[in-house]
Structure formats: structure tokens, C-alpha cells
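Below is one structure, written out as C-alpha cells, with a few remarks after it.
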Amino acid sequence: MTEEQNLLTKDVDGIRHLVLNRPEKINAIDYAQHLRLMQAFQSAEEDQRVKVVALSGVGRGFCAGDDLTAQPFEGHDPFAHRKVELEIGSGPTLLLDSCAVLRNLSKPTVALMHGIALGSGYDYSLSCDFRVVTKDIRFGDPRIDRALWAAEGWSYKLPRLVGQSLVARIAYLGEIMNGERAMEFGLAHRIVSGEPNIIESSQPFLDELVELSGPAYAATKRNMLAGLDATFEQSLAMSMESAYEVT
């Protein structure tokens, strides 16, 4: 398998499937894969044929997190000039930017997760609009138990998704959730069987997203994200501006 095959791209009826394809690593993400993901998110945003972006993984699980055994990256690194003073290179800068690109896509984004969704895989899912999980998934971020830095903006995203009281359990204690607990906490939007695979069992939900109005969705999402940190008056002004764009 070539390096390019580590991330598969497939278009089906307006859905851009981005499929993590490192089954021997349970789709653990190395630096090169983060680069591929960010480029794939940007490409999906620019492609007018794409109405929905779905992120999934092959094999035993969605993503086991960061690939801690990866060899140093040797290709062209567009982030080489943005080092951080943590003796771990420019990795965190790239992860932050990649998750930001995903979070700000104007189109519906959904993580389709089965088996394991930990660490960076969990963080990428928090940047999606929707999360579909299997009942038996192991979903969360155990990096606090390993004294590792979670770099992808979880400290901003998580409290806005679930509230401070649940942050204590999920982030401070590193609680690993199954599908039902993720639904209870408000982090999952659907539980599916995962059979014969996560993509096929999620198809009814993906079909719902494809049918949404693209301009209306983009405007609503932009206002929702901007409104998280805006005053009430600013939020009202943004809503009025969007009304002219959609009509």
C-alpha cells in the first residue's frame, strides 16, 4: 500500500467519504496523515459537487489516536517554519490548523465511528457537526492518563458541546464512553449497528444531510459558530446579514 492510500477518498451521491486506511495501526494518525486530512478537508470545501463530508475508518476501529511509533516526517512540510517550544516539532501547530479547517467547513460534516475513537480521532470528531457511533464504541481521550498534551482545541470545543460539569468527567478524568453514554452526554447524534460496516449502517442519516439546503446550512453554521463568542446584539446582526444571503 502506498502512502497516498492511507487516506481513501470516495464520492457517492454528493457525499465525500474520507476513510482512514491504516488498519494495522487501528488508523492511528501520523504527521503525514494529518497533512492529508487537512488537504482533503480544503478540497472538499472547494468542490461544489460535495454536499456532505463523512470521516470514517476501516478495520477494527475509527482511530486509535496519535501514532506514537511513527518515524520522523521526511516529506515537504509546509508548517516547518512554525515550530513550538515543546521539543516535539511543528506537530501541534498542524493539528490545530487541521481541526480548525474541519470545524469551519460550510458543509455538513459527520464522523462515523466504530470500535475505537480515541485521542486525535476523538478530537477530529469533536470538530465535526455530527457524530454517529456504534453501541460498543470506546470513545474519548485517555491522553491525560499518559501525561500527553491534547493539542487539537478540545479545551475550547468540549465545554461548548457538553458544559462544564461533563467536562470534568470526560477531560479531567479521561472517561471512555460507549455509544449510549456518548448519546447521554450529548456528544453522539445517532447510534447505528455498524453492520455490515459503519458507512452502510449510517446511510439513512447521511441521506438526511444530503437533502439539506446548502446555502441555508452554510449560513446557519457560520452564525452558530460565530455566535458562540458573540454578544446577543452581534448575533442578531449576523442573522440579519445571512437572511439576505439565503433568500
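For this structure, a couple of remarks:
- Qualifying helices (runs of 4 or more DSSP H) (wholly inside region 168-247; at least 3 residues being modelled with pLDDT under 85): 232-246
Quick grid of which residues meet (1) open to solvent by 20 Å² or more (accessible area, probe 1.4 Å); (2) under 19 Å from D129 (Cα atoms):
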position	(1), (2)
S165	yes, no
A168	yes, no
A182	no, yes
E195	yes, no
S213	yes, yes
M224	yes, yes
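- Region 25-57 - residue that is farther than 23 Å from V133 by Cβ, out of contact with any Gly (no Cβ under 7 Å at 6 or more places or on another chain) and part of a helix (DSSP H, G or I) and, of those, most open to solvent (accessible area, probe 1.4 Å): E46
- Index of the failed condition, V19 passing every other in (1) among the aliphatic types (A, V, I, L, M); (2) modelled with pLDDT of 95 or more; (3) assigned to a loop (DSSP other than H, G, I, E, B): (3)
The values are calculated or read from the model by the stated rules, or taken from the named source; none is laboratory data. These numbers come from a predicted model, not from an experiment. In this analysis, Cβ positions are derived from the backbone assuming ideal geometry, glycine residues included, and neighbour counts consider all displayed protein chains. The accessibility values were calculated without ligands, DNA or RNA, using every heavy atom of the protein model including side chains. Shrake-Rupley method; radii C 1.70, N 1.55, O 1.52, S 1.80 Å.
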